[in-house]
Amino acid sequence: MKSTLSMPLEKKQKIENIIHQLANLVSAKNESHHGFLSGLAGHLLFLYKAHEYNPDWVDEALFAQKLDALQEGLEAQSLELSTGLAGQAWLLEYLNQANQDDYDADLLEDVDALFANALDHTPWRGEIEYVLGLAGYAPYAARRLRYSDQQALYSVIVQGFESTASRLENGHITWSQPSKSVYRLDQDCLDEPEFNLGLAHGVPGIIAALLPALEIPALKSQVTELVQGACDWLLAQQIENADSLSCFSSCASQPHEASRLGWCYGDLTIAVVLARAGHALGSPNYVEQALKVALKNTPRDVTTGYVKDAGLCHGYLGIMTIYQALNQLMPHPQLEAVVTTWLDHALEQFEQQGLEAFYFFSGLSKSYEEDFSLLTGYSGIGLCLLGALNDDLSWIDSMLMA
């Protein structure tokens with residue numbers, strides 16, 4: 001796949017060298033934790049894509065050994081996306097779909113039924129967000145929807161969101177973080193509504209989780225109403241101060257605080273969600289608003305973006321990939337240029353620090369630590385760098401970005 005980035009051969013070779021080093025390190029990592037965001041499943045996604053780009057970078061026998069270990073441990077997993085079956089099953093379906101000639105439509109039928117039964121609670125009383133909650137089952141359901149009937153599973157996901165929605169008199173629809181959620185930002189006022197604006201834990205993630213269900217005829221009307229009401233509510237949460245660094249804060253109850261640049265929180269993934277919604281619904285206004293939000297953020301740098309590391313979640317290579325996804329959704333010269341800006345920053349950091357430039361900054365220890373994971377470490381960084389070479393972001397639906 002040809003990259004959309006104009007890239008001299010020397011620069012390409014530098015990136016390839018980094019990816020090769022990362023593939024060696026991730027291959028050698030003996031990871032007992034099987035989770036997608038922070039364990040073996042995320043490692044396997046990176047190694048698969050690295051092998052796809054250059055078969056010499058990943059030992060096929062070792063990859064097969066790691067994949068067998070993942071599959072053998074499926075029955076012992078919890079269900080959620082982050083550390084459990086929803087993320088691991090997404091990976092298995094992604095690999096299953098990679099070779100159309102050998103695609104096995106029945107491979108994960110038991111998982112479909114397991115999730116449909118486990119999520120069938122009205123009203124839904126668990127977490128609603130992506131990492132541990134209801135939205136985290138949507139990437140699997142959406143990936144399966146490409147080749148199989150997912151009305152049963154998506155029906156319970158949609159009903160869960162319907163049962164927890166807050167409907168306002170003006171037609172807007174939103175979702176408050178459950179009072180017992182581990183992701184509530186305000187732990188002192190558990191009975192007060194809290195409307196999170198991050199993709200990982202908030203309303204944008206719920207919109208993104210609902211979007212693929214528009215393709216299911218029996219759910220289209222219900223989902224259209226939810227998505228439109230939620231997008232209209234989301235747009236109404238924009239910071240009114242034109243001098244603000246960002247268009248949105250991290251939480252609707254903190255309307256004047258600028259948000260970081262990142263996948264988990266911030267304007268960039270809100271723009272991705274609005275653009276996707278606009279394309280799916282045939283609503284140009286959402287796309288126009290998404291582009292406005294994205295372009296406002298292009299001048300921001302590591303300082304004004306509150307960026308401390310390189311990872312996919314909230315680091316400079318993750319930011320590069322989100323801008324790349326935005327440029328695929330809404331091609332624009334400024335978006336294309338800022339992809340290169342963030343890539344060049346990453347390469348400069350590597351020149352200065354070597355692999356330590358890709359260490360994860362821990363908020364707990366306040367120090368930089370080596371990390372092999374998809375979300376904050378080498379595996380996600382490797383995927384971002386591969387995407388810079390071949391413009392292949394076919395995996396970002398796992399992160400609610402497609």
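The values are calculated or read from the model by the stated rules, or taken from the named source; none is laboratory data. A quick note: this is a predicted structure, and the numbers were derived from the prediction, not measured. Every residue, glycine among them, receives a Cβ derived from its backbone with ideal geometry; neighbour counts consider all protein chains shown. The protein model used for the area step is the full one, side chains on, heavy atoms only, and it has no ligands, DNA or RNA in it. Shrake-Rupley method; radii C 1.70, N 1.55, O 1.52, S 1.80 Å.
May I ask you to say which residue of 308, 292 is in contact with a strand residue (DSSP E or B) (Cβ under 8 Å, 6 or more places away or on another chain) and either of a type in the set (D, E, K, R) or free of Cβ contacts under 8 Å to residues at least 60 places away in the same chain (or both)?
Details: 292 fails: in contact with a strand residue (DSSP E or B) (Cβ under 8 Å, 6 or more places away or on another chain).
Of the residues listed, the single one that is in contact with a strand residue (DSSP E or B) (Cβ under 8 Å, 6 or more places away or on another chain) and either of a type in the set (D, E, K, R) or free of Cβ contacts under 8 Å to residues at least 60 places away in the same chain (or both) is 308.
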Seminar exercise, completed: Residues in segment 228-286 that are in contact with a strand residue (DSSP E or B) (Cβ under 9 Å, 6 or more places away or on another chain) and among the charged types (D, E, K, R) total 2
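Residue-wise test of (1) surrounded by fewer than 18 Cβ atoms within 10 Å (Cβ to Cβ); (2) within 28 Å of residue 183 (Cβ to Cβ).
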position: 91; (1), (2): no, yes
position: 103; (1), (2): yes, no
position: 109; (1), (2): yes, no
position: 118; (1), (2): yes, yes
position: 134; (1), (2): no, yes
position: 142; (1), (2): no, yes
position: 149; (1), (2): yes, no
Exercise. From the set of residues in segment 212-249 that are of a type in the set (D, E, K, R) and part of a helix (DSSP H, G or I), which is surrounded by the most Cβ atoms within 10 Å (Cβ to Cβ)?
Worked result: 232
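Does segment 314-325 contain at least one residue that is within 18 Å of residue 44 (Cα to Cα), buried (at least 21 other Cβ atoms within 10 Å of the Cβ) and not charged (D, E, K, R)?
Taking segment 314-325 first, the residues within 18 Å of residue 44 (Cα to Cα) are none.
The answer is no, given that none of the residues of segment 314-325 is within 18 Å of residue 44 (Cα to Cα), buried (at least 21 other Cβ atoms within 10 Å of the Cβ) and not charged (D, E, K, R).
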Exercise. If a residue has to be assigned to a loop (DSSP other than H, G, I, E, B) and touching a residue at least 24 places away in the same chain (Cβ under 8 Å) to count, how many in segment 107-134 make the cut?
Worked result: 16
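Answer yes or no: is there a residue in segment 135-145 that is without any contact (Cβ under 8 Å) to a residue 12 or more places away in the chain, in a helix (DSSP H, G or I) and out of contact with any Leu (no Cβ under 9 Å at 6 or more places or on another chain).
There is no residue in segment 135-145 that is without any contact (Cβ under 8 Å) to a residue 12 or more places away in the chain, in a helix (DSSP H, G or I) and out of contact with any Leu (no Cβ under 9 Å at 6 or more places or on another chain).
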Seminar exercise, completed: Condition set touching a helix residue (DSSP H, G or I) at 6+ places or on another chain (Cβ under 6 Å) and open to solvent by less than 40 Å² (accessible area, probe 1.4 Å), scope segment 76-89, selection farthest from residue 147 (Cα to Cα): answer is 80
Exercise. So which pairs qualify, if the first residue must be in segment 78-91 and in a helix (DSSP H, G or I), the second must be modelled with pLDDT of 95 or more and of a type in the set (S, T, N, Q), the Cβ gap must be under 8 Å, and the two must be at least 6 apart or on different chains?
Worked result: 85/77; 85/78; 87/398; 88/77; 90/398; 91/398
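Listed here are the residues, each with its yes/no results for (1) under 28 Å from residue 374 (Cα atoms); (2) modelled with pLDDT of 95 or more; (3) small (Gly, Ala, Ser).
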site	(1), (2), (3)
278	no, yes, yes
288	no, yes, no
304	yes, yes, no
313	yes, yes, no
320	yes, yes, no
324	yes, yes, no
